[in-house]
Protein chains: 2
Amino acid sequence: MTLARRAGIDVGGTKCLGVVLDPSGAIVAEHRVPTPKGPEAIIDALVEVARALGGFDTIGVGVPGLVTRDGTLRAAPNLVNISDFQVGPLLSERLGVRVEADNDATCAAVAEWQMGAGRGEQELTMVTLGTGIGGGIITGGRLLRGGNGFAGEIGHMVVNPDGIACPCGRRGCWERYASGSGLGRLAREAATAHRLDRVVELAGGDPEKVRGEDVQKAALEGDAEALAVIDEFGKWVALGLVNLTNLLDPDLFVLGGGLAASGELYLGPIHHWFTEYLYAPHLRPHPRLAFAQLQEFAGAVGAALLAEVH
Amino acid sequence: MTLARRAGIDVGGTKCLGVVLDPSGAIVAEHRVPTPKGPEAIIDALVEVARALGGFDTIGVGVPGLVTRDGTLRAAPNLVNISDFQVGPLLSERLGVRVEADNDATCAAVAEWQMGAGRGEQELTMVTLGTGIGGGIITGGRLLRGGNGFAGEIGHMVVNPDGIACPCGRRGCWERYASGSGLGRLAREAATAHRLDRVVELAGGDPEKVRGEDVQKAALEGDAEALAVIDEFGKWVALGLVNLTNLLDPDLFVLGGGLAASGELYLGPIHHWFTEYLYAPHLRPHPRLAFAQLQEFAGAVGAALLAEVH
């Protein structure tokens, strides 16, 4: 049975975006409000979005951080003043209906699997390359949730134990290298070592102000130094994808997040280094790489689908 | 339905060990032969073991390396002259029955899950700490196989990209640090830096000949320098377990392989460093750690159970 109207809300660092899907999966309603600070204010904002969406049969919420199977956000590095926030149960109480909740990147994975780049796949790993790295894992045609519901925190896989400090408290997490912040850092390192003249020019002349976007722009112009940074970045992305392949053996990686928008730029380096790093690369099929299709709606659409995949 | 007699054979680097399980899971027949070199000789040896086991209703084989879903061993770093070896289909042809095949560590995971330390668990990750590191993953109460059947190669998760060279062709694989070989290497580094007097004495006076066993022995005597090496080793084990927790969120880790025999020695350091490395350790349940129970029979018992879990 496909339900008539499925609502989902994605709680981001800056906005709460809600949608309603019709039985075909089309978005038939949409509402957004700024994300306020603190748990009570967030619940109020979610109630406001839910009401603005009109009626619905099921509702789900995606939130950044560790979400338990019963819908409690245990810890959220990127939301202010939040820990042990019972977002699912509290919203359920206010709305008078059951509310499913899960991690926002997990929601994005569900959305791409059910309605985006991964339709029909049984073995899919979603990797969102944004400020950090989020993830979601589909295996055996089901969402991998783990004992507590915390599975898929792929950005905090340590790939360099003496490496860069991470806000999570450890060093060398994959997201310090292979995210948008990682690209910016690689670029600033190269710029302060006087290896990125054109990029520094694009950034207004200050090597400390170089951002990932400047590197992308120079690389698209064909600037060799910028392309070298992109290659180094692709190496870090590939390293993590190979680790995930060793563990999960997916048929498909769906790459999402801000960096996926200019993903074509990274595909060559990622493929090259993936083959370099993979064990016995000539004796096995390689997972395919696809870019996410649902863009900013992925989290909300996936939240709307939680009732069906949990 | 539980089948009457289930046969399983574990193909190791030195021996092929076969067992038959009765409906209760008890081992009612056992046979072993040395592992010969080359695919034809291995098939002959497997036929010999199968015949010596007497009659059976189903049969499975565990082999080291990447095993496809249809039973082909694609690549095997630790078997001589083996690649693209159709062990399942070839043995099936010789025996006239269907043969299930899978990776040996995956078989061990299945055995511990069904009949050992992980009975009744839905979310379990097995880690075999031997010469290398193997693994097997149970999630949602099912064996995680991946698209090709290659999932669970946890030993080749890169945790230090500029680190020690691995026979797999890359650098810094987890098994270079957290396996028996890793312990030996850590000990020899400390010994050649004159930090392990008692251990060197136990090894006969030559720092280059120090082995993991010597460190274990000195540590059990209470030698502080040996205990420091055990602590460093436990840190590497914990690092990988935290990565696996971030990805898979298991309720239970089952630790097997040669090192598990003196596992009590490592438990303290592993727990300590696991808590150090985990994100938000105070806000979440930690996975339990248990030691494997089926010892040298785990691979063969798991192979015997493949027909039921594939």
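The values are calculated or read from the model by the stated rules, or taken from the named source; none is laboratory data. What you see is a predicted model, and the numbers here were worked out from it, not measured in a lab. Heads up, the Cβs are rebuilt from the backbone with ideal geometry, glycines too, and the neighbour counts pull from every protein chain shown.
Assorted remarks:
- Scanning the range A:97-145 for residues that are among the acidic types (Asp, Glu) and within 18 Å of A:Gly155 (Cβ to Cβ) yields a count of 3.
- Of the residues in the range A:215-227, at least one is under 21 Å from the mean Cα position of the chain (by Cα) and assigned by TED's automatic domain parsing to the domain that holds A:Arg188.
- Filter pass, B:Pro269 being surrounded by fewer than 22 Cβ atoms within 10 Å (Cβ to Cβ) and not in a helix (DSSP H, G or I): no
- Any hit, the range A:38-45, residues being touching a Cys at 6+ places or on another chain (Cβ under 9 Å), among the β-branched types (Val, Ile, Thr) and closer than 16 Å to A:Val99 by Cβ: yes
- Subset of the range A:12-58 [of a type in the set (Lys, Arg) and under 22 Å from the mean Cα position of the chain (by Cα)]: A:Lys15, A:Arg32, A:Lys37
- Check on B:Glu123, among the acidic types (Asp, Glu) and closer than 30 Å to B:Val309 by Cα: yes
- Scanning the range B:283-297 for residues that are part of a helix (DSSP H, G or I) and either touching an Asp or Glu at 6+ places or on another chain (Cβ under 6 Å) or at pLDDT below 90 (or both) returns a single hit, B:Leu283.
- Enumeration of residues in the range B:229-264 that are of a type in the set (D, E, K, R), assigned to a loop (DSSP other than H, G, I, E, B) and surrounded by fewer than 24 Cβ atoms within 10 Å (Cβ to Cβ): B:Asp251
- Within the option set A:Val199, A:Val158, being within 14 Å of another protein chain (Cβ to nearest Cβ) and without any contact (Cβ under 8 Å) to a residue 40 or more places away in the chain holds for one residue only, A:Val158.
- Residue match in the range A:50-67 (condition: within 14 Å of another protein chain (Cβ to nearest Cβ), in contact (Cβ under 8 Å) with a residue 60 or more places away in the chain and touching a Lys or Arg at 6+ places or on another chain (Cβ under 8 Å)): yes
- Boolean, B:Val237 is under 21 Å from the mean Cα position of the chain (by Cα), modelled with pLDDT of 95 or more, under 30 Å from A:Gly135 (Cβ atoms) and away from chain A (no Cβ under 12 Å): yes
- Some residue of the range B:139-152 being touching a Phe, Trp or Tyr at 6+ places or on another chain (Cβ under 7 Å), crowded, with 24+ Cβ neighbours inside 10 Å and over 24 Å from A:Arg69 (Cβ atoms): no
- In the range B:161-196, the qualifying residues are those that are touching a residue at least 40 places away in the same chain (Cβ under 8 Å) and outside any helix (DSSP H, G or I), and the one that is farthest from B:Thr245 (Cα to Cα) is B:Pro167.
- Residue that is farthest from A:Val301 (Cα to Cα) [pool: residues in the range A:1-20 that are in a loop (DSSP other than H, G, I, E, B) and in contact with a strand residue (DSSP E or B) (Cβ under 7 Å, 6 or more places away or on another chain)]: A:Thr14
- A:Gln122 meets all of the listed conditions (1) within 20 Å of A:Ala292 (Cα to Cα); (2) buried (at least 24 other Cβ atoms within 10 Å of the Cβ); (3) facing another protein chain (nearest Cβ under 9 Å) but one, namely (2).
- Residue among B:Pro281, B:Pro285 that is surrounded by fewer than 16 Cβ atoms within 10 Å (Cβ to Cβ) and touching a helix residue (DSSP H, G or I) at 6+ places or on another chain (Cβ under 6 Å): B:Pro281
- Qualifying positions in the range B:128-148 - assigned to a loop (DSSP other than H, G, I, E, B) and at the interface with another protein chain (Cβ under 7 Å from one of its Cβ atoms): B:Gly140, B:Leu144, B:Gly146, B:Gly147, B:Asn148
- Residue match in the range B:216-228 (condition: within 14 Å of another protein chain (Cβ to nearest Cβ), among the hydrophobic types (A, V, I, L, M, F, W, C), free of Cβ contacts under 8 Å to residues at least 60 places away in the same chain and more than 28 Å from B:Arg74 (Cα to Cα)): no
- Contacts under 8 angstrom Cβ, first residue in the range A:34-47 being on the phi > 0 side of the Ramachandran plot, partner in a loop (DSSP other than H, G, I, E, B) and loosely packed, with under 13 Cβ neighbours inside 10 Å, 6 or more apart: A:Gly38/A:Val80; A:Gly38/A:Asn81
- Just one of the listed residues (B:Ala41, B:Ala52) is surrounded by fewer than 21 Cβ atoms within 10 Å (Cβ to Cβ), touching a His at 6+ places or on another chain (Cβ under 7 Å) and modelled with pLDDT of 95 or more, and it is B:Ala52.
- Flag for B:Gly205 being touching a Leu at 6+ places or on another chain (Cβ under 7 Å) and at pLDDT below 95: no
- Condition check for B:Gly182 on (1) over 30 Å from A:Thr275 (Cα atoms); (2) crowded, with 18+ Cβ neighbours inside 10 Å; (3) more than 9 Å from chain A (Cβ to nearest Cβ): one failure, at (1).
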